[in-house]
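These notes concern the structure reproduced below.
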Amino acid sequence: MVETITSSREAILLEDKYGAHNYHPLPVVLNKGEGVFLWDIEGKRYYDFLSAYSAVNQGHCHPRIINALIEQAKELTLTSRAFYNDKLGLAEKFVCETFGYDKALFMNSGAEANETAIKLARKWGYTKKGIPDNEAVIVAVKKNFHGRTTTIISASTDPSARKSFGPFMPGFEIVDYDNVPALEKALANPNVCGLPAAGYLKSAEQLCKKHNVLLMMDEIQTGIARTGKMLASDHENVKPDMLILGKALSGGVLPISVVLTRDEVMLVIKPGEHGSTFGGNPLAAAVCMAAMQVVKDEKLAENAERLGKIFRQRMQAFMQKTNMVTLVRGKGLLNAIMINDTPESETAWNICLKFAENGLLAKPTHGNIIRLAPPLVITEEQIHECCDIIEKSILSFSK
């Protein structure tokens with residue numbers, strides 16, 4: 001017999017007792033989602049302004065995506081890659097044609113996709129660029145986040161990701177973000193094979209071409225229409241050698257990620273050298289195609305671009321009414337407000353509690369910054385209603 005939970009308090013206590021304490025959630029217990037809305041176990045409705053870290057760009061439980069999930073689940077869910085299935089090739093063709101690459105390698109989580117890209121870059125460096133064995137270097141920038149596996153945290157500078165998890169993987173060089181001379185100096189090392197980057201992208205692209213280095217772009221959160229274009233790198237007309245996607249690739253229905261690149265890079269990996277039991281499963285492949293088609297058909301990138309401007313205009317005007325917000329920044333519907341307090345303070349957390357009390361869910365990041373990222377299916381009327389909630393909540397904290 002399966003037990004049922006009847007109250008938020010019961011759910012929170014169960015997780016606290018039986019679950020690992022590796023997250024610090026807001027005290028809200030959710031059990032239903034539809035479009036831009038979430039409901040807690042007591043039936044209170046909230047606007048979702050986190051979108052599961054941009055995994056549900058298409059909105060919660062989008063009927064077309066859920067229907068694809070149900071129909072495929074009735075037929076076949078998993079074969080492993082020991083055999084072919086009738087959906088994977090279609091999904092590979094779909095994403096390659098959508099983003100303009102030769103080859104796709106599907107995995108599950110975003111962290112797995114980043115690990116896959118690192119392995120591809122290293123193998124390419126040894127077999128194509130001629131780097132001596134075990135001397136490949138990948139350049140990362142400070143303040144990055146690409147996951148929490150032991151390899152990728154070796155490229156991180158975030159203390160919460162690194163403290164007490166060493167020793168770290170060698171073969172990474174970390175340079176200042178948005179510092180082109182530092183980047184060029186790092187890339188001049190003939191053993192450099194890859195650069196995961198975000199920001200100052202055009203210079204990075206040109207430098208990578210100059211030094212025969214692969215430009216690796218993690219667009220797991222910023223991709224798939226979130227910033228007002230299909231990819232954030234599209235804002236600068238940059239095309240990375242390796243594109244890494246996840247999260248909204250499935251509309252938040254199940255874990256799917258992918259690495260896209262050209263033949264010369266992808267085909268350095270031979271049978272038996274990399275894989276995943278669930279990677280490329282037919283259920284994920286069917287869901288991925290449905291989720292990506294929704295993004296195209298519903299013009300979610302265009303909606304994000306238009307409504308993001310309206311949101312930032314509202315927030316910029318709001319800054320004139322209070323000293324609690326010191327900065328508003330973002331692209332499309334990936335935005336952040338900086339709260340006028342130290343990163344060590346609990347002010348941003350308490351503001352998010354007030355948001356929840358007033359019917360909107362968001363979460364602080366880096367202490368005094370609040371990320372605001374609703375599903376891309378949100379309407380202009382709903383954006384204004386959410387801005388009203390945000391303003392009302394913050395004004396109750398005004399100094």
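The values are calculated or read from the model by the stated rules, or taken from the named source; none is laboratory data. These figures come from a predicted structure and were not determined experimentally. Positions of Cβ are backbone-derived with ideal geometry, glycine not excepted, and every protein chain shown enters the neighbour counts.
Rundown of residues vs (1) surrounded by fewer than 22 Cβ atoms within 10 Å (Cβ to Cβ); (2) without any contact (Cβ under 8 Å) to a residue 60 or more places away in the chain; (3) closer than 26 Å to residue 61 by Cβ, yes/no style:
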| residue | (1), (2), (3) |
| --- | --- |
| 337 | no, yes, no |
| 342 | yes, yes, no |
| 349 | yes, yes, no |
| 357 | yes, yes, yes |
| 362 | no, no, yes |
| 370 | no, yes, yes |
| 375 | no, no, yes |
| 380 | yes, no, yes |
| 395 | yes, no, no |
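Of the residues in segment 154-177, not one is within 21 Å of residue 293 (Cα to Cα) and in the same structural domain as residue 293 (by TED's automatic domain parsing).
This table checks each residue for (1) assigned to a loop (DSSP other than H, G, I, E, B); (2) among the small types (Gly, Ala, Ser).
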{"residue": "315", "(1), (2)": "no, no"}
{"residue": "320", "(1), (2)": "yes, no"}
{"residue": "330", "(1), (2)": "no, yes"}
{"residue": "337", "(1), (2)": "no, no"}
{"residue": "344", "(1), (2)": "yes, no"}
{"residue": "349", "(1), (2)": "no, no"}
{"residue": "354", "(1), (2)": "no, no"}
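Of the residues 105, 90, the single one that is crowded, with 20+ Cβ neighbours inside 10 Å, at pLDDT 95 or above, farther than 25 Å from residue 182 by Cβ and hydrophobic (A, V, I, L, M, F, W, C) is 105.
Counted as qualifying within segment 1-79 are no strands (runs of 3 or more DSSP E), as none has 2 or more residues that are surrounded by 11 or more Cβ atoms within 10 Å (Cβ to Cβ), in contact with a Lys or Arg (Cβ under 6 Å, 6 or more places away or on another chain) and in contact (Cβ under 8 Å) with a residue 24 or more places away in the chain.
So, residue 188, is that one among the hydrophobic types (A, V, I, L, M, F, W, C) and closer than 20 Å to residue 109 by Cα or not? When the stated conditions are applied, residue 188 does not pass them. Quick check: anything in segment 258-276 out of contact with any His (no Cβ under 7 Å at 6 or more places or on another chain), on the phi > 0 side of the Ramachandran plot, at pLDDT 95 or above and in a loop (DSSP other than H, G, I, E, B)? Within segment 258-276, not a single residue is out of contact with any His (no Cβ under 7 Å at 6 or more places or on another chain), on the phi > 0 side of the Ramachandran plot, at pLDDT 95 or above and in a loop (DSSP other than H, G, I, E, B). If a residue must be over 19 Å from residue 184 (Cα atoms), crowded, with 24+ Cβ neighbours inside 10 Å and more than 15 Å from the chain's Cα centre (by Cα), how many such residues does segment 209-256 contain? Count: 1. Quickly run through segment 123-148 and pick out the residues that are in contact with a Ser or Thr (Cβ under 8 Å, 6 or more places away or on another chain) and either hydrophobic (A, V, I, L, M, F, W, C) or touching a residue at least 40 places away in the same chain (Cβ under 8 Å) (or both). 140, 144, 145, 146, listed by residue number. Of all residues in segment 104-120, exactly one satisfies the criterion of being out of contact with any helix residue (DSSP H, G or I) (no Cβ under 8 Å at 6 or more places or on another chain) and more than 21 Å from residue 55 (Cβ to Cβ), namely 119.
Candidates are the residues of segment 315-335 that are surrounded by fewer than 18 Cβ atoms within 10 Å (Cβ to Cβ) and not hydrophobic (A, V, I, L, M, F, W, C); the one that is nearest to the chain's Cα centre (by Cα) is 329.
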